Structure formats: C-alpha cells, structure tokens
Amino acid sequence: MDLIKTIEEQQKKPDAQTFKVGDTVRVHFEIIEGKAKRIQKYEGLVLCFKNKGISRTFTVRKESFGVGVERVFPLYSPRILKVEILRTGKVRRSKIYYVRDKIGKAAKIKELLGPKANAQIAANRAACKAADAKEAALVSEIKSEAAAAKK
C-alpha cells in the first residue's frame, strides 16, 4: 500500500491546483487524433473538484451556442499543459451545480477582488509561464512532424 502512495506522489504535479471552484479558467490540453497532435483550449467555469490523490478531477462548464457543455478533466493528467485563471469567482460552496439551472445573467458568478485574488492570479501566471515553454516545445514538435509528413 505504501508503494502505491509513493508512486502516486511522484506523478503529481506540484503546481497543478492554483485555481478553485467558481473561477473562470482556460484549460490547454493536448489532443491526439491518429498521428496528429494539437493543442485545444477549453474555457469555462469550474463547477467542482472530485476524488482525491492522483485521480482528482475537475469539471469545467461553458455555454456553446446556447447549450451548456461540461467537460471533466483529470487534474494531474500529462495531457493538460496548463490551466490559466481568467477570473476569480466568489462562491461559498464546494460544488456549484446550481449554475446549471440558471439562465443568462443569473448564471454569472461574482468576481473576487482584492489582494487575495491578485495573489492567486499572480501565482497562476507564474505557473503558466513555466508551462508556456513546455507548450512552445510541443507546438514546434507538432510543426516539425507535420513538415516531415508532407515530404
């Protein structure tokens, strides 16, 4: 049992969770379709966190052409390159499923302002800068593979 915990601890990213429920985030993740790779961005509101340890997940909800779309991401997945915080939300619940029933302006979450929010966003931006280098390397790798495939 202790061996499993040590393996899980090795696979965890130290700066993975710099955001919380109620934040509006942009998730950059890698999509592999056959031999082609690309980076897709998914922007929305964090509804909840589930599970614990290496299997921890978070749900992001966005409105797409008037239809609510939710996607569940594994927090420690190697396919997730970075998670940018666009807006910090002020919520008093750990799971904000009530947003699903709200329409229009009622579905908005108040923005958290002040030094606490600024510190959270600054920490997230520092983590994103480190992830930008990884993302740039991946983009250049994708372009070189595409160029090699054309030849």
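The values are calculated or read from the model by the stated rules, or taken from the named source; none is laboratory data. All values derive from a computational prediction rather than experimental measurement. Backbone-built Cβ (ideal geometry, glycine too); neighbour counts: all protein chains shown. With ligands, DNA and RNA removed, areas are computed over all heavy atoms of the protein, side chains included. Shrake-Rupley method; radii C 1.70, N 1.55, O 1.52, S 1.80 Å.
The figures follow:
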item: Helix-only CD estimate at 222 nm, as mean residue ellipticity for the chain, using -39500 (n - 2.57) per DSSP H run (n ≥ 4); result: -10500 deg cm²/dmol
item: Restricting the stretch 12-55 to trypsin sites (Lys or Arg not before Pro) in coil, as DSSP defines it, with at most 16 other Cβ within 10 Å; result: Lys12, Lys35, Lys52
item: The chain: angle of helix 115-150 to the longest principal axis, Cα-based, in degrees nearest 10; result: 30
item: Estimated FRET transfer efficiency (Ala123, Lys41; beta-carbon r; R0 22 Å; 0.05); result: 0.60
item: Cα extents of the chain along the three principal axes, largest first (Å); result: 53, 46, 30
item: Sulfur and carbon atoms: percent of accessible area, the chain [1.4 Å]; result: 55
item: Nearest 10 degrees, 0 to 90: helix 2-11 Cα axis against the chain principal axis; result: 80
item: Magnitude of the charge dipole, the chain, Cβ model with Lys/Arg +1 and Asp/Glu -1, debye to 20; result: 480
item: Restricting the stretch 22-80 to chymotrypsin sites (Phe, Trp or Tyr not before Pro) in coil, as DSSP defines it, with at most 14 other Cβ within 10 Å; result: Phe65
item: For the stretch 52-63, 3J(HN,Hα) per residue [Karplus equation, 6.51 cos²θ - 1.76 cosθ + 1.60, θ = phi - 60°, Hz, x = Gly/Pro]; result: 8, x, 5, 8, 5, 10, 9, 10, 10, 10, 9, 9
item: Rounded accessible area per residue of the stretch 76-138, 1.4 Å, Å²; result: 69
item: Candidates Val67, Val21, Val46, ranked by Gaussian network fluctuation over the chain, Cα under 10 Å, top entry; result: Val67
item: Cβ-based charge dipole, the stretch 1-97, positive-most Cα from Gly68, Asn51, Ala36; result: Gly68
item: Label-point separation, Val139 to Leu113 (7 Å along Cα→Cβ), nm; result: 3.3
item: Arg87 long-range amide H proximity, modeled H, under 5 Å; result: Thr24
